[in-house]
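Report on the structure given below.
The values are calculated or read from the model by the stated rules, or taken from the named source; none is laboratory data. Because the structure is predicted, anything quoted here is derived from the model rather than measured. We work out accessible area using only protein heavy atoms, side chains counted, and drop any ligands, DNA or RNA first. Shrake-Rupley method; radii C 1.70, N 1.55, O 1.52, S 1.80 Å.
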Amino acid sequence: MPGGIDSHVHLDQPGAPGIVMADTFETGTRSAAIGGNTTVLPFCLQQKGQSLRQAIADYQAKANGNCYTDIALHLIITDPTPQVLGQELPALIAEGYTSIKIFMTYDDLKLADRDILAVLDVARQQRALVMVHAEGYDAIRFLTERLEREGRTAPFFHGASRPIPVEREATHRAISFAEIVGTEAMIVHVSNRQAMEEIRRAQQRGLRIHGETCPQYLVLTEADMDRPGMEGAKYVCSPPPRDSDSQAACWEGLQQGVFEVFSSDHCPYRYEDEAGKKAPDGNNSFRYVPNGIPGIATRMPILFSEGVGKGRIDLNRFVALTSTNHAKRYGLYPQKGTIAVGSDADLVLWDATRDVVITHSLLKDGCDYTPYEGLAVRGWPVRTLLRGVTVMTDAETGSRRSGMELQRSLF
Ligand code: URP
Ligand code: ZN
Ligand code: ZN
């Protein structure tokens, strides 16, 4: 099959003070290759006050010479000053940085509604795509403070601090803003039926709204966060895993084309680590547990086994959801995402009958756990080739790091 393309990955991204992401570009792309991927798209986070160019230079310095797969960077805009929106961003889009993530929540990342509209408008004019993290900041803050007052502070209550209506409301708002501005948008990491239906309705009205979902919304639920002690922290991500009806809705969205990409949202923090899931204040409240879970290597095996293996999707849809659609949506097609004369020879050889029980030691990432420990899958990548050269055979990568930063075309 065409090598996997994972268009939603966080590597070496700075977080709250004292918190360290578990994967560098080296360990993250190594694990990606183990999981059958040949291209990943990590985020380049603009720190407040930082120029976008400086942010890109910082990430390029982290990535150069260290990648087992090819990469292309999305921008995250946290500080949309007139200089950033008027000059830097248009110039960078023209150079191929054609996708921009914005956040509707998180203290340090969220944009005000007025700023979201402004970013969408630059994207419209310059032909870029805005990816939206759709959860409402004020509602989360309100619920978090109420839960804390009630003493409901264990990792499990992370889910209760951002229930489905919080995501549905923000999804509706993001779609409305894209409509008001007259542009497209990608709603990322959709976790439930109500948000999926918002996207479906927009698509049925002819709006060009795109959707993404992730493995955690297919095979995890809120019950996973309800484990003894801090164990539940291993599953804390945003939006949180939901319930069985949400899982069914995410499958529906994949089967019916409401979601066009299936990404990992790999965002790894070590568990046995004060710089990770056991952050010092995490015992006092879920709000201090870093959000995000690893999944770069397990994305394709989970979709193959649960999707193709169980008759929910066919092999062509599997390839579209894990590779081709990512290349098309993010300006990499036909160099990537297809097996064709003239395209890069990025391939994954898949043993469709291999039975594997997922365990962390298989994955070769920088984390110290996988949320999918013990999950039995049928089908596993046995060889990954990047531009014709083998970069992974039977779960070994060697030390060759020939991944390059890719040039992307306009959206
Ligand atoms: O919990 C998550 N998903 N953290 C990663 C950052 C994001 O919102 O994608
Ligand atoms: Zn997000
Ligand atoms: Zn993410």
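Tabulated data for the structure shown
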{"read-out": "Accessible-area composition of segment 239-357, carbon plus sulfur, in percent [1.4 Å probe]", "value": "46"}
{"read-out": "Beta bridges by DSSP in the chain, antiparallel share as percent, to the nearest 5", "value": "35"}
{"read-out": "SER244 accessible area, 1.4 Å probe, all protein chains in place, Å² to nearest 10", "value": "80"}
{"read-out": "Å² per residue, accessible surface of the chain at 1.4 Å", "value": "37"}
{"read-out": "Top of TYR369, TYR235, TYR68 by mean-square fluctuation, Gaussian network on the chain, Cα under 10 Å", "value": "TYR369"}
{"read-out": "Heavy-atom accessible surface of segment 61-189: percent carbon and sulfur, 1.4 Å", "value": "50"}
